[in-house]
Amino acid sequence: MQLRGSDEDIQKAEEQYRMAIDYCQKFGSLTLELRAATRQAQLLQSKSKIVEAHALLAPLYAKFTEGFDTLYLRDAKTLLDELEIKNGEKFG
């Protein structure tokens, strides 16, 4: 994924994702938190922050015990796999 926009725009997007994650945590919306975390991890990946992206997404993904065929979980798993490949090793 390649992001377009100024550094300031990307920084604002990152800030908005963090706020969304915090909001979802506050209200216990695990699925929406996963969605926001996946987008934040994609942004981090685009900035070559592979380890940080994985550290954000992996623990959240691990909280799920069902629904792995849903769009949000499939997207998160695909991204986690990409991050592991780019890092050249398995995390954890």
(request) Would you check if there is a residue in segment 24-41 being at pLDDT 95 or above and acidic (D, E)? (result) yes
(message) R35 - would you say it is part of a helix (DSSP H, G or I), surrounded by 15 or more Cβ atoms within 10 Å (Cβ to Cβ) and among the charged types (D, E, K, R)?
(response) yes
(request) Could you tell me whether Q42 is in a helix (DSSP H, G or I) and within 17 Å of K77 (Cβ to Cβ)? (result) yes
(message) Condition first: small (G, A, S) and buried (at least 16 other Cβ atoms within 10 Å of the Cβ). Now tell me which residues in segment 53-67 satisfy that.
(response) A53, A58
(request) Go through segment 76-89 and count every residue that is free of Cβ contacts under 8 Å to residues at least 40 places away in the same chain and either assigned to a helix (DSSP H, G or I) or closer than 17 Å to S46 by Cβ (or both). (result) 8
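The values are calculated or read from the model by the stated rules, or taken from the named source; none is laboratory data. Since this is a predicted model, take the numbers as computed values, not measurements. So basically every Cβ, Gly included, is an ideal-geometry build from the backbone, and we count neighbours across all protein chains shown.
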